[in-house]
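The values are calculated or read from the model by the stated rules, or taken from the named source; none is laboratory data. Please read these numbers as outputs of a predicted model, since none were measured by experiment. So basically every Cβ, Gly included, is an ideal-geometry build from the backbone, and we count neighbours across all protein chains shown. Side chains are part of the model used for accessible areas, which takes the heavy atoms of the whole protein and leaves out ligands, DNA and RNA. Shrake-Rupley method; radii C 1.70, N 1.55, O 1.52, S 1.80 Å.
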Amino acid sequence: MTLDLPVSGAYTRAGVDIVTSWREAINELFRQKKIDVNRLDQPLLDLLFLLHGVPGKPATTVPVNCPTQDCNKDVPVPPAGVDCDACGVHLFPTDVLRIHEEVGEEGTNQSALGRLMSVIELLVLVGLATLLWEQSRQKALPTTLFIIDGPLAVFGTPAKLRGRALEYFQAMGSTAPGKAPYVCGIEKSGALVDYARQLARHGILEPGDLLVCDEQVIARVVNANNARAYGKETYWGRKFVYRALDGRVVVPTVPPPTGAPYDAHGGKADPAAYPTLPAILDVIDRTGSSMYVDGIIPVAAAHGKAAFPIGVGTDVLRLVATKRLGLDSSGGQPAPGRSAP
């Protein structure tokens, strides 16, 4: 999925600032961009409303804070949008993500782009899981593991989606056979991954061992003042450390079927509270990859599909950039000394 958004010094139209530009651009993108897989053909906006509802029944409105300072909060906004009754600003349903609050007039706005990417990844997961829930609840759903590249978490201004994601998949699980749906995130970097690799290097974590990341482990890894409340605002799955049978160190994030994985009282650290965990660890054992350190095949394959080769990728990105910016005055001919990609 390709997205075009303004960065420093660029705007969607004359007379608006960068924040309004992002609000308008995200609204338009969510209406235009679709997840088109098999019989799933839904715009991102539909999936956003689905996430705010329950499987099979999307929400009719989403709660939006007016972007005008000190104005209305939690305004119910339908898919078509609505004007704020206090200041008259038109509210888009995508304003519920609050990504525009991280946008500035100067800089690359990479943080906001990262927030948007994580939201879209979550919506893709919602769409694909719901497709199986609707079309093959008895066969495909109970035999499919959905893997997110990264933790099951939503950071920054869209973090309220964390609670929506947890409730949505728990509602799906209550109407699915067995222990489905099987969902996990896989972290490849970060403080806990580094800590786990040190444990493995010193022989503390042996192949087949599962480390329960309770309050004591969290306090040691993140050096937090309140380790008990770690993750309660951002994570919709619980982190574990697993050393696979072949020696790989993996940090999966797994959601519980009921309750919160993290809360102000420490959450659910006991692996018994995560009935999908044994099957997830079995998949990790059986799908090891040497394409990167501690890799698994599904994530490696996804990277291979999404990545550009360094040489060709540079040429492609340069060509796209010059055309998008209107700098291609050569009629599409390659630059001197460089072949067309």
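Listed values, structure above:
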{"item": "Residue selected from the range 1-35 under the condition over 23 Å from L125 (Cβ atoms), touching a Phe, Trp or Tyr at 6+ places or on another chain (Cβ under 9 Å) and polar (S, T, N, Q), by the criterion most open to solvent (accessible area, probe 1.4 Å)", "result": "T12"}
{"item": "Test for V221: is it of a type outside the set (S, T, N, Q), crowded, with 18+ Cβ neighbours inside 10 Å and touching a Cys at 6+ places or on another chain (Cβ under 7 Å)", "result": "no"}
{"item": "Cross-chain or 6+ apart pairs with Cβ under 8 Å, the range 57-81 first and exposed (fewer than 11 other Cβ atoms within 10 Å of the Cβ), then part of a loop (DSSP other than H, G, I, E, B)", "result": "K73/N65; K73/C66"}
{"item": "Members of the range 21-61 found to be basic (K, R), modelled with pLDDT of 95 or more and not in a helix (DSSP H, G or I), listed by number", "result": "K57"}
{"item": "Residue list for the range 180-209, filter: open to solvent by 60 Å² or more (accessible area, probe 1.4 Å), closer than 30 Å to L51 by Cβ and modelled with pLDDT of 95 or more", "result": "none"}
{"item": "Pairs, first touching a residue at least 40 places away in the same chain (Cβ under 8 Å) and aromatic (F, W, Y) in the range 84-95, second outside any strand (DSSP E or B) and surrounded by 15 or more Cβ atoms within 10 Å (Cβ to Cβ), C-beta under 8 Å, six or more apart", "result": "F92/R23; F92/E24; F92/I26; F92/N27"}
{"item": "Single match in D263, D294, D315, D270 (criterion: out of contact with any Pro (no Cβ under 9 Å at 6 or more places or on another chain) and either among the aromatic types (F, W, Y) or more than 19 Å from W236 (Cβ to Cβ) (or both))", "result": "D294"}
{"item": "Criterion violated by R286 - all others in (1) under 17 Å from V250 (Cα atoms); (2) at pLDDT below 80; (3) among the basic types (K, R) satisfied", "result": "(2)"}
{"item": "Flag for S111 being among the polar types (S, T, N, Q) and under 16 Å from L51 (Cα atoms)", "result": "no"}
{"item": "Close pairs (6 angstrom Cβ cut-off, 6 or more residues apart or separate chains): over 21 Å from N65 (Cα atoms) in the range 97-126, of a type in the set (F, W, Y) anywhere", "result": "L125/F146"}
{"item": "Residue check for I147: open to solvent by 30 Å² or more (accessible area, probe 1.4 Å), hydrophobic (A, V, I, L, M, F, W, C) and over 30 Å from L113 (Cα atoms)", "result": "no"}
{"item": "Qualifying position, being of a type in the set (A, V, I, L, M, F, W, C) and either over 22 Å from G208 (Cα atoms) or open to solvent by less than 50 Å² (accessible area, probe 1.4 Å) (or both), among A227, A272", "result": "A227"}
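Conditions (1) over 27 Å from K160 (Cβ atoms); (2) within 21 Å of the chain's Cα centre (by Cα), marked per residue:
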{"position": "F240", "(1), (2)": "no, yes"}
{"position": "P256", "(1), (2)": "no, yes"}
{"position": "D282", "(1), (2)": "yes, no"}
{"position": "S289", "(1), (2)": "yes, no"}
{"position": "K305", "(1), (2)": "yes, yes"}
{"position": "L317", "(1), (2)": "yes, no"}
